[in-house]
Amino acid sequence: MQLRSLNMDHPTYLKLKSFLEDRPICREAARPLSKSAAVRIFFTDHEDEYQFRMQDGIPRLEPGQAEKPDFTLRLPTGAVDDLINLPEETIPAFGIKLMELVWTAAPERKISATIHNGPVRLFAHGYFGILAKGGMPVMRYLASRGFGQIGTIRKRMSQLVKPVE
């Protein structure tokens, strides 16, 4: 994909970048991720491509293409605003809000996602460690959505998320 430019000062990007990199909740939640973990990110209000990854143990959101992404996410401005304005800054609250935004019917808040890798690679890259940090509140939420066991997460996610591309 040819990018028009790398937009390092777009407001939606800057809001999410600050949230992911500077908030203690995000640093703690991302701690299980390996340096090989990568997420390709697009925003609905502009066309540039970004990558989320760990660098020196710190979550980073930067312009550019993610090499071998595990996921691709398309984030509307409403979803970014919902995430950065959590009334309760805990890992379970963040995880549940993120999942609610994937499953919402409201287009101005709906996060579209594509999973590019199977459960073995996702496990090796630390994503299930993030899930574990969400604890029982996240597991209860997942169970209420038909994800009663870890083994069903990949299968059900594939059925529920819409491809971004």
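The values are calculated or read from the model by the stated rules, or taken from the named source; none is laboratory data. Owing to the predicted nature of the structure, the values given are computational and were not obtained by experimental measurement. Don't worry about glycine lacking a Cβ; one is built from the backbone with ideal geometry, like all the others, and counts go over all protein chains shown. All accessible areas refer to the heavy atoms of the entire protein, side chains included, with ligands and DNA or RNA removed. Shrake-Rupley method; radii C 1.70, N 1.55, O 1.52, S 1.80 Å.
Per DSSP helix of 4 or more residues, -39500 (n - 2.57); summed, then divided by the residues of the chain. What does that give at 222 nm, rounded to the nearest 500? Don't jump to the answer; show the numbers that get you there.
Working: 8 runs with 74 residues, N = 165.
Calculated mean residue ellipticity at 222 nm is -13000 deg cm²/dmol.
For region 28-72, what are the per-bin percents of Cα-Cα distances with bins 10 Å wide, up to the bin holding the maximum?
Going out from 0 Å in 10 Å bins, region 28-72 shows 30, 54, 16, 0 percent.
Say each of residue 23 and residue 60 gets a label point 7 Å from the Cα, pointing the same way as Cα to Cβ; how far apart are those two points in nm?
If labels sit at residue 23 and residue 60, their model points lie 2.1 nm apart.
With +1 on each Lys and Arg Cβ and -1 on each Asp and Glu Cβ, how big is the dipole of the chain about its Cα centre, in debye rounded to the nearest 20? Can you show the working numbers first?
Details: 23 positive and 19 negative charges, 156 e Å.
I would put it at about 740 debye.
Enter the mean projected area of the convex hull around the alpha-carbon atoms of the chain, in nm², rounded to one decimal. The partial results should precede the final answer.
Working: hull surface 35.7 nm².
Hull-based average projected area comes out at 8.9 nm².
Using the Karplus equation 6.51 cos²θ - 1.76 cosθ + 1.60 (θ = phi - 60°), what ³J(HN,Hα) coupling, rounded to whole Hz, does each residue of region 75-87 give in order, writing x for Gly and Pro?
Result, rounded to whole Hz: 10, x, 4, x, 5, 4, 4, 4, 5, 7, 10, 4, x.
Could you state the accessible area per residue of the chain in Å², with a 1.4 Å probe and every protein chain left in place? If you can, show how the numbers build up before the last one.
On the way: 8640 Å² over 165 residues.
Accessible surface, normalised per residue, equals 52 Å².
Can you tell me how region 1-76 classifies by the Cα gyration tensor, rounded, prolate or oblate, using a/c under 1.5 as the rounded cut? It would help to have the intermediate numbers written out before the result.
Working: a/c = 2.07, a/b = 1.38, b/c = 1.50.
The shape class here is oblate.
Report in % the part of the accessible area of region 1-121 that belongs to carbon and sulfur, leaving out ligands and nucleic acids; probe 1.4 Å.
On the way: 3140 of 5940 Å².
Its accessible area is 53 percent carbon and sulfur atoms.
Taking square-rooted eigenvalues a ≥ b ≥ c of the alpha carbon gyration tensor, is region 71-147 rounded, prolate or oblate, where a/c under 1.5 means rounded and, failing that, a/b exceeding b/c means prolate?
Values: a/c = 1.67, a/b = 1.21, b/c = 1.39.
In terms of gyration-tensor shape, oblate.
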